[in-house]
Every structure is written in C-alpha cells, then in structure tokens.
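The values are calculated or read from the model by the stated rules, or taken from the named source; none is laboratory data. Just so you know, these numbers come straight off a predicted model, no measurement behind them. FYI the Cβ positions are ideal-geometry reconstructions off the backbone, even for glycines, and counts take in every protein chain you see.
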Amino acid sequence: MNDQKCGLALHTSTGQLGLGLIDSSQVVKVEVWDLDRAMLNHLHQYLKDFLKGQNWQDLAFIAVAKGPGSFTSIRIGMVTARTLAQQLSIPLLAISTLATLAQNKADQLTIGNTLIATQLVASNGKYYVAIYEKLPNKEAVSPIFLDTIMALEDWQKILSELEKPYLLVEGETKLGYTVESLLKLAYNLWSTGYSPQWFQGVPFYLDSY
C-alpha cells in the first residue's frame with residue numbers, strides 16, 4: 001500500500017478474522033485468519049502486524065461487519081472499530097454480514113440485474129436472511145429485503161413469491177474471507193460522502209449464532 005488515505009475493514013462476525021485496506025487508487029490488501037475463540041486475545045496483534053508500515057493518520061474511514069453472526073465475535077470487532085474511529089475522529093461504516101456475502105457472490109457474476117438471496121443458520125431451526133440486488137450499472141449490491149431472522153418454511157415462501165429469478169447463497173460458519181466485499185461496500189458509500197460517526201456504528205445481533 002502507498003501513503004494515500006486508506007480505508008480499513010474488520011470482519012470478525014463469524015470467528016474468522018478478515019482485515020482489509022483500500023487506498024484512493026482502490027488498491028486492496030486483504031488477509032484472513034481462522035481465530036475462533038482466540039479472536040479476543042489476538043485481534044489487536046494481528047491488526048498491528050497487518051498495519052505495519054501504515055500510519056494511523058492515513059486512515060480515512062473504518063468499516064466493520066456488524067452482524068448477524070456470533071454475538072461475541074461481532075462485539076469484539078465492533079468495540080475495536082468504534083474505539084479506533086472515535087480516537088482517530090474518522091467515519092465508521094457498519095455493514096451487514098449478509099451484504100458482504102451477497103457482494104462476494106455478485107463480484108463473481110458476469111450478468112447484471114440479479115437477485116441474490118442470502119442465508120445463515122441461526123438457532124432453533126431459524127435462519128438469518130436477506131435479499132440483495134445486483135444492478136448492471138452499479139458495482140455495489142442494494143438490499144430489497146432487509147436482514148431478519150425467520151423459520152426456514154417462512155423464508156422459502158418468500159423466495160417462492162419472488163417475481164425475478166434469484167441466486168441463493170448460504171454462508172458458511174467462517175465468513176472473514178468476504179472482508180474484501182465489506183471493504184468495497186464501505187468504500188462505495190464513503191466515496192459518495194456518507195460519513196457516519198463512531199457512535200452510529202451499532203451491532204446487529206438478532207439472535208445468537
């Protein structure tokens with residue numbers, strides 16, 4: 001990375017740590033680690049190593065996966081991101097884990113105007129679900145059915161009533177690898193002038209993973 005202003009992304013919502021940097025030339029650096037229960041004890045060291053050679057003052061914004069996912073993992077990432085954004089007086093963009101999953105899929109597609117239904121296993125037979133749309137003239141996906149939790153049969157009914165074809169993407173238990181998509185979504189918002197303050201970044205737990 002060079003010394004231009006950068007955006008930093010933290011994806012911790014499923015226990016797999018994903019860190020990403022993007023500069024004003026949209027050069028991206030991404031690294032991913034499977035930490036699980038070691039997340040709390042090692043996140044700061046991994047973050048320090050990841051940012052080696054980069055000044056904190058180079059950061060223009062911070063992005064964080066706000067959930068749904070693991071309650072503990074989301075909290076760890078959110079607290080870290082909020083603290084950094086507050087200390088550095090820079091925007092904090094909290095992005096849905098399901099949005100990063102949809103964006104990851106959208107970036108693999110060669111066609112536009114596609115619906116992407118996303119789901120993550122929750123508990124008690126329920127799922128975290130959302131539906132996003134990939135438009136041909138836009139890089140970032142847009143939500144058309146916001147994140148919620150519901151029984152599988154209810155979710156399947158909603159999908160059956162969609163008027164457009166859709167792709168169904170089911171997230172694994174480790175989603176830190178979608179940090180590049182998190183970074184892309186946040187950069188897209190930030191570049192339009194969206195500049196939320198640190199206290200506006202709130203977790204989206206719904207229910208424990």
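Of all positions in region 121-130, at least one carries a residue that is aromatic (F, W, Y), within 22 Å of D36 (Cα to Cα) and not assigned by TED's automatic domain parsing to the domain that holds V79. For region 74-120, a residue qualifies if it is small (G, A, S) and closer than 19 Å to F61 by Cα, and the qualifying residues are G77, A81, A85, S89, A94, S96, A99. The set of residues in region 152-185 being farther than 15 Å from A130 by Cα and buried (at least 19 other Cβ atoms within 10 Å of the Cβ) consists of L175, G176, T178, V179, E180, S181, L182, L183, K184, L185.
Restrict the check to region 39-57 and report whether at least one residue is closer than 30 Å to S160 by Cβ, out of contact with any strand residue (DSSP E or B) (no Cβ under 7 Å at 6 or more places or on another chain) and either in a strand (DSSP E or B) or not assigned by TED's automatic domain parsing to the domain that holds E133 (or both). No: region 39-57 contains no residue that is closer than 30 Å to S160 by Cβ, out of contact with any strand residue (DSSP E or B) (no Cβ under 7 Å at 6 or more places or on another chain) and either in a strand (DSSP E or B) or not assigned by TED's automatic domain parsing to the domain that holds E133 (or both).
Among the listed residues I116, I22, I62, identify the single one that is surrounded by 24 or more Cβ atoms within 10 Å (Cβ to Cβ), in contact with a Cys (Cβ under 7 Å, 6 or more places away or on another chain) and either on the phi < 0 side of the Ramachandran plot or in a strand (DSSP E or B) (or both).
I22
Note on region 48-83: residues that are of a type in the set (A, V, I, L, M, F, W, C), under 21 Å from W198 (Cα atoms) and more than 17 Å from the chain's Cα centre (by Cα) total 4. Of all residues in region 158-169, none are without any contact (Cβ under 8 Å) to a residue 12 or more places away in the chain, closer than 14 Å to T118 by Cα and either among the β-branched types (V, I, T) or outside any helix (DSSP H, G or I) (or both). Of the residues in region 127-136, at least one is under 15 Å from K105 (Cα atoms), buried (at least 16 other Cβ atoms within 10 Å of the Cβ) and among the basic types (K, R). Tell me yes or no: at least one residue of region 18-29 is among the acidic types (D, E), modelled with pLDDT of 95 or more and either out of contact with any Leu (no Cβ under 7 Å at 6 or more places or on another chain) or within 23 Å of I149 (Cβ to Cβ) (or both). Taking every residue of region 18-29 in turn, none turns out to be among the acidic types (D, E), modelled with pLDDT of 95 or more and either out of contact with any Leu (no Cβ under 7 Å at 6 or more places or on another chain) or within 23 Å of I149 (Cβ to Cβ) (or both). The number of residues in region 107-119 being modelled with pLDDT under 95 and either under 18 Å from the mean Cα position of the chain (by Cα) or β-branched (V, I, T) (or both) comes to 5.
Look at (1) over 19 Å from T192 (Cα atoms); (2) outside any helix (DSSP H, G or I) and you find that I95 fails only one, number (1).
Each residue in region 186-202 was checked for being within 15 Å of D107 (Cβ to Cβ), surrounded by fewer than 24 Cβ atoms within 10 Å (Cβ to Cβ) and of a type in the set (A, V, I, L, M), and 0 of them qualify. Within region 75-134, being in contact with a strand residue (DSSP E or B) (Cβ under 7 Å, 6 or more places away or on another chain), small (G, A, S), farther than 21 Å from L189 by Cα and touching a residue at least 60 places away in the same chain (Cβ under 8 Å) holds for one residue alone: A122.
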